[in-house]
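Heads up, the thing below is written out as structure tokens.
The values are calculated or read from the model by the stated rules, or taken from the named source; none is laboratory data. Treat the numbers as computed from the prediction; the structure is a model and nothing was measured. Cβ placement follows ideal geometry from the backbone for every residue including glycine, while neighbour counts extend to all protein chains displayed. Note: areas computed on protein heavy atoms with side chains; ligands, DNA, RNA excluded. Shrake-Rupley method; radii C 1.70, N 1.55, O 1.52, S 1.80 Å.
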Amino acid sequence: MKIVLSILISIIFVINFSECGANNDEKAKLKCGIGKFERQSNMCDSTGCAKIVLEYPVIKVAFSGTVNDSLENYIQAALLDNYSELNIKTVDEMAERFFVDYEESRKDFPDRITSWEINNNISVIYNENSIVSFQSEFYHYTGGAHGNSGIYFSNLNSQTGEKLELADLLIPGYENELNKAAEKIFRIEKQLSANSNLESEGFWFEGNKFSLNKNFGIKDRKSTRLNSVTQ
């Protein structure tokens, strides 16, 4: 069995999972529906509005109750990420707080009214070999020069519910070879020469040495395009 690993830029790595049992792999496949949450503030006119649009998987069947709870906890945490430090537990609570903040901002700064937005789309991008990979693509704007956006991934063992790291998927000592391969592709995509200084070209890496972050997702060979990952 083979899957494809996508990291930072469209880099493809094939990983073998010969230890997986076919029967349990099939049982571990999730069955999901799609949940949607959409609300806008009461204070909404031609000058601006606050709106929340969320789309996310709804787990229908999982390998066990423990796995179901683990996956639902991840999805909930990803949806509430913008307010993770405020001990908010539900999307309804998040919406109420978001709208209160928006209405207070309109009153405090009536000459700078703009529309606010939280948009988060969470999807399952891989569901094979006892692995489920989620992609969370978000945009969050609360005034100012620009909003915050990004794409984040989370990969879990769909038989245990445990989070998977690269070290769980690749052989020990993979880091150097992985970074070398990734840097070659990075330089091609950014139209950099093999010897150009990354910092001088406007890219920041610790110690001015290219390295991948830990944000990775998994897709199979049938995918025609792999997603970029933001730093």
- What number of residues within the range 199-215 satisfy the criterion of being closer than 28 Å to residue 136 by Cα and in a helix (DSSP H, G or I)? 1
- If a residue has to be within 24 Å of the chain's Cα centre (by Cα) and part of a helix (DSSP H, G or I) to count, how many in the range 188-198 make the cut? 1
- Please determine, by comparing only the residues of the range 34-48 that are under 19 Å from the mean Cα position of the chain (by Cα) and open to solvent by 50 Å² or more (accessible area, probe 1.4 Å), which one is nearest to residue 111 (Cα to Cα). 36
- Scan the range 49-73 residue by residue and report those that are open to solvent by 40 Å² or more (accessible area, probe 1.4 Å) and either touching a Pro at 6+ places or on another chain (Cβ under 8 Å) or of a type outside the set (Lys, Arg) (or both). 53, 55, 56, 58, 61, 63, 64, 65, 66, 69, 72, 73
- Would it be correct to say that residue 82 is outside any strand (DSSP E or B), of a type outside the set (A, V, I, L, M), open to solvent by 30 Å² or more (accessible area, probe 1.4 Å) and on the phi < 0 side of the Ramachandran plot? yes
- Item | When residues of the range 1-31 are limited to those that are open to solvent by 60 Å² or more (accessible area, probe 1.4 Å) and hydrophobic (A, V, I, L, M, F, W, C), the one modelled with the lowest pLDDT | 1
- Whichever residue in the range 174-221 is of a type in the set (Lys, Arg) and either closer than 20 Å to residue 151 by Cβ or open to solvent by less than 40 Å² (accessible area, probe 1.4 Å) (or both) and, among such residues, is modelled with the lowest pLDDT: 219
- Query: Has the range 136-154 got at least one residue that is surrounded by 14 or more Cβ atoms within 10 Å (Cβ to Cβ), farther than 30 Å from residue 48 by Cα, of a type in the set (Gly, Ala, Ser) and touching a Leu at 6+ places or on another chain (Cβ under 7 Å)?
  - Reply: no
